[in-house]
Amino acid sequence: MAVAVLDGDPGDPDGLRARIDEALDGLAAAGAGPLAVVAEGEVVDAAVRALAAVGRARALVLLSAVVGEGARTLIGEWPELAVLGVVDSLDRDRVGDTVAAYLASGHAHSDLHVGEGVGSGSAMFGSWSATPDAPALDALVETWLATALAPWVEAEPVSFQTVDGWRISGDLLLPAPGPAPGPPPGPAPGVVLLHSGRSDRDIFSRLSRLLVAAGFAVLNVDWRGRGRSTNLGTYFELTSEQRAAAGHDARAAIDHLASRPEVDGARIGLVGVVHGAEYAVRGSIGDERVRGLVLLTGYRPADEAESEYLTSGVEVLYVSSAAHRPITEAMRELYDRSPGRRTRMIVVPGGAIGYQLFELQPWLEPAIVSWLDEVVR
Amino acid sequence: MTAGGAVTFAAADGTPVHGDVVRPEGAVRAGAVLVHASKHERDAYGVSLPQLLVDDGFAVLRIDVRGRGESREPVPFPLMAPLQRRAVALDVAAAVDFLAGPDAGIAAGSVAVVSEQDSSGPALAARPGHPVAAHVVISGRLDAGAREGLDGLAVPVLALVSTEDRRAVGDVTELYLASGDERSRLRVVRGMGFGTTMFSAWQFAHPSEPTMEESIAAWLTGVL
């Protein structure tokens, strides 16, 4: 974790942007890991605007903030940025803006601490003492930052071959070692993520981070013909037989993940979206390493072998949209026949598919993480 | 359809934008820039819509917006901050100007922009040298940049959205009402999802009706 502290006179916007870039460059060059910014008072507004242009920060601590509407709008457009607001309730000039900045953030970990009579800005650290019920401010902020930055591990680019010659490209994310809230010691359970037909691994940007923060090793791939896995062509140029063989991509991903020493190869889960769900099932048949499958919309078994596998004891989380009646009925039929004690089915209203449900139902990704935690760990 | 091939050009801030262009074999009467959502790439519009447009005399440019597809480097879209994402407007502006360039044979003011989901905000905020003649917005989301230009929006707009996409329902309705052109249309469907994924969902659910691509092409041909 690396933290840049901004205070004082914001100066001109270009100058502040340059100061922030320089500070973040220095921290990044030192290999300091995910970056956070602490800003106080009148510099907060300019700092938010500057960070919204340069990116790179993953968490923002606002002390007694002055934040205008434009900066609040930017915070609202940045769901990946966690925001912690800290202010004194008696600091009437700053409490409204600090609270508004917190409320503008859509990040699940954003938070607010309001003290009374503790002063303003960084001076609050000296005044905000520990009580029997709560730690001192510096400990509060440090704990919050550790949790906010835990998902932002460095992604390791990987590639591996399938049995039919495709070179599959992906990102491997391993949970960070260390004290709480870190994962327990030992090899981590693994999850393979398989996107849908029009998309690629980027649809799992948030889910992959939630999983790694929960202690899973995550392999997020582009399957054949999509994203950067195009050595033998692009997906829409392939025949239906070539596409259907993408179960080999899922199997190769399972093999690659399980081969890593950091991963417990006997505890693997897969998340597949529409076509990705088909490939997840096809690639998992008969593989006892696979403890659970999340099939997110658009899946129907292609043959008896898939139906038999899904009703033989593997745990499955089925997610379907109510407007897709044939798909929902097919999933329900499998669900009803499943002996798995943890197999579940969720039907959401409307006709959204795959990653669209993540936007419409923000509880869904955390629910997937919880289910995988119960089934795969 | 005549294959025009792969193209690369620079946005106003120097960011390279990759895409492909197809032109009709005969005279070009208009142009269309197709802009995908951030979860997709330029193949999101499939083959049908580009083919229908080319058959109607349109030159069609599909682009990969910054951070996606061939335009992925240096910063992938999921890692971008808000102002970096709003800068997709520069990609769209550059695309319109590229398509309507001096050798394109397209009359000034004859280029439409088709956008989906979170690309619609930047598409509406784009300020190319050649003015945009019409917008097709599929499950569009408006951002602050798009809202700045809504007052006095004089070009026709076709807005498509499905009811469960509540945010887009509000945003495209606001866009439709802001358009002063009587040729603007708002089409609200049910249970079809978001963006270009609605194309196949609609065709599956309504096999005997015109496809969404046919409706879009017909509307564009009517207004341009």
query: Against the longest alpha carbon principal axis of chain A, how many degrees, from 0 to 90 and to the nearest 10, is the axis of helix A:247-259 turned?
result: 60
- request: Give the angle, between 0 and 90 degrees and rounded to the nearest 10, that separates the Cα long axis of helix A:364-376 from the longest principal axis of the Cα atoms of chain A.
  value: 60
message: If neighbour count is taken as other Cβ atoms inside 10 Å, put B:211, A:239 in order from fewest to most.
response: A:239, B:211
query: Expressed in nm to one decimal, what extension gain is obtained for the pair residue A:285 and residue A:266 from 0.36 nm per residue of sequence separation less their Cα-Cα distance?
result: 5.4 nm
Ordering of A:157-169, A:51-63 by packing [mean C-beta count within 10 Å, highest first]: A:51-63, A:157-169
- prompt: Where the centroid of each part is defined by its Cα atoms, how far is the stretch B:194-224 from the stretch B:30-54 in Å?
  reply: 12
message: Please compute the length gained on full extension between residue B:75 and residue B:206, using 0.36 nm multiplied by the number of residues separating them and subtracting their Cα-Cα distance.
response: 43.2 nm
- request: With a ≥ b ≥ c taken as the square roots of the eigenvalues of the C-alpha gyration tensor of the stretch B:65-224, please select rounded if a/c is under 1.5 and otherwise prolate if a/b is larger than b/c or oblate if it is not?
  value: rounded
query: Once the other residues with Cβ under 12 Å from the Cβ of residue A:303 are scored (Lys, Arg +1; Asp, Glu -1), what is the net sum?
result: -2
- prompt: Going by how many other Cβ atoms sit within 10 Å of their own, how do B:212, A:345, A:331 line up, fewest first?
  reply: A:345, B:212, A:331
- prompt: Under a Cβ-Cβ cut-off of 12 Å, what is the net charge of the residues other than residue A:73 that fall near it, where Lys and Arg count +1 and Asp and Glu count -1?
  reply: -1
statement: Cα gyration tensor of the stretch A:24-148 diagonalised, 5x eigenvalues square-rooted, in angstrom largest first, produces semi-axes 22, 18, 13
statement: Once Lys and Arg are counted +1 and Asp and Glu -1 for all other residues with Cβ under 11 Å from that of residue B:199, the total becomes -2
- request: Please work out the Cα center distance from the stretch A:127-176 to the stretch A:77-96, rounded to the nearest Å.
  value: 23
- prompt: So how far, in whole Å, is the C-alpha centre of the stretch A:197-226 from the one of the stretch A:316-376?
  reply: 18
- line: With Rg from the Cα atoms and Rh as the Kirkwood inverse mean 1/r over Cα pairs, the stretch A:221-377 has an Rg/Rh of 0.95
task: May I have the extent of the alpha carbons of the protein assembly as shown along their three principal axes, as whole Å values ordered from largest to smallest?
output: 76, 61, 40
- request: Work out the FRET efficiency for residue A:305 and residue A:332 from their Cβ-Cβ distance, taking R0 = 25 Å, and round it to the nearest 0.05.
  value: 0.80
- request: Mind checking B:146-156 for the average number of partner chain beta-carbons within 10 Å of each residue's beta-carbon?
  value: 0
query: Residues of A:49-57, mean number of Cβ from any other protein chain within 10 Å of their own Cβ, rounded to a whole number?
result: 4
statement: Note: A:196-209 gets an average of partner chain Cβ contacts (10 Å, Cβ to Cβ) equal to 4
- prompt: Considering the alpha-carbon set of the stretch B:1-149 alone, what are its Rg and its Dmax in angstrom?
  reply: 14.0, 43
FRET efficiency for residue A:25 and residue A:154, using Cβ-Cβ distance with R0 set to 22 Å, rounded to 0.05: 0.85
query: Relative to the longest principal Cα axis of chain A, at what angle does helix A:275-284 sit, 0 to 90 degrees, rounded to 10?
result: 60
query: Is it possible to state the helix-based mean residue ellipticity at 222 nm for chain A, with each DSSP H run of 4+ residues giving -39500 (n - 2.57), the sum divided by total residues, to the nearest 500 deg cm²/dmol? What is it?
result: -11000 deg cm²/dmol
- request: Between residue B:190 and residue A:240, take the C-beta separation as r, use R0 = 30 Å, and let me know the FRET efficiency to the nearest 0.05.
  value: 0.50
- prompt: So what's the back-of-envelope 222 nm ellipticity for chain B, counting only DSSP H runs of four-plus at -39500 (n - 2.57) apiece and dividing by all residues, rounded to 500?
  reply: -8500 deg cm²/dmol
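A short reminder: the numbers here are calculations on the coordinates, not readings from a lab. Computed from a predicted structure; not experimentally measured. Neighbour counts run over all protein chains shown; Cβ positions are idealised from the backbone, glycine included.
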